[in-house]
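What follows is one structure encoded as structure tokens, with my remarks underneath.
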Amino acid sequence: MFKSESIAALAKALAGAQAEIENATKSSVNPHFRNKYADLAEILNTSRPVLSKHGLSIVQMPFFEEGKVGVETLLIHESGEWIVNSLLGPCSKLDPQSVGSAITYYRRYSLAAFAGIAQEDDDANEASEQGTPKRSVPPAVTRQQLNHLETILNNCSPKVIEKFRSDYPDTAEITADLYEGLIVSLDAAAKKYRERQNAA
């Protein structure tokens with residue numbers, strides 16, 4: 001962890017914010033285990049308004065190092081004081097979907113740590129307590145989510161579209177556990193494609 005020369009104002013503001021922030025509600029279903037967890041959106045919804053009220057903001061940026069995925073989280077106070085920490089970890093595969101999911105995972109845990117929100121690693125607890133995980137049917141995404149995904153996909157390069165259609169021939173079978181990672185990776189791919197077209 002690194003910090004500005006002084007964090008006196010930041011520490012006071014963070015103490016006030018943490019006194020008001022409540023633990024995030026576990027509202028998302030883990031597709032591989034019969035449990036729930038607080039997803040990134042829930043952590044943001046719980047912490048961001050309170051942090052902002054106390055003059056605090058969060059910036060999170062992904063990075064890669066030696067084949068691993070990382071997220072750098074910067075907590076900034078309106079005084080200019082700051083604290084920054086990096087979380088670096090493995091990724092099951094280095095394809096866009098896996099990388100996007102890993103980034104979201106690391107963002108969630110880093111943000112929860114900064115905000116002082118209790119986070120329980122349900123995946124690890126369930127696996128260690130019961131050995132073989134119980135499989136359940138992952139929840140499906142909504143039609144509105146699929147339409148949003150298709151809109152982003154159509155703005156990607158033909159190569160990306162072809163690869164996606166090959167990996168997911170039936171978009172109706174895309175489940176909620178994959179959706180967020182797909183959106184992140186496709187949005188990045190679409191942005192790069194637009195930049196290449198504009199530069200041509």
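The values are calculated or read from the model by the stated rules, or taken from the named source; none is laboratory data. The structure presented is a predicted model; accordingly, all values stated were derived computationally and were not measured. We place every Cβ from the backbone using ideal geometry, glycine too, and count neighbours over all the protein chains shown.
Some points to look at:
- Residue within segment 134-142 that is modelled with pLDDT under 80, loosely packed, with under 13 Cβ neighbours inside 10 Å and touching a Phe, Trp or Tyr at 6+ places or on another chain (Cβ under 9 Å) present: yes
- In segment 97-116, of all residues being crowded, with 20+ Cβ neighbours inside 10 Å and among the β-branched types (V, I, T), the one that is farthest from L186 (Cα to Cα) corresponds to I103.
- Residue selected from segment 144-173 under the condition touching a helix residue (DSSP H, G or I) at 6+ places or on another chain (Cβ under 7 Å) and within 18 Å of T104 (Cβ to Cβ), by the criterion surrounded by the most Cβ atoms within 10 Å (Cβ to Cβ): L149
- Restricting segment 169-200 to residues that are touching a Leu at 6+ places or on another chain (Cβ under 8 Å) and not small (G, A, S), the residue that is farthest from L94 (Cα to Cα): T171
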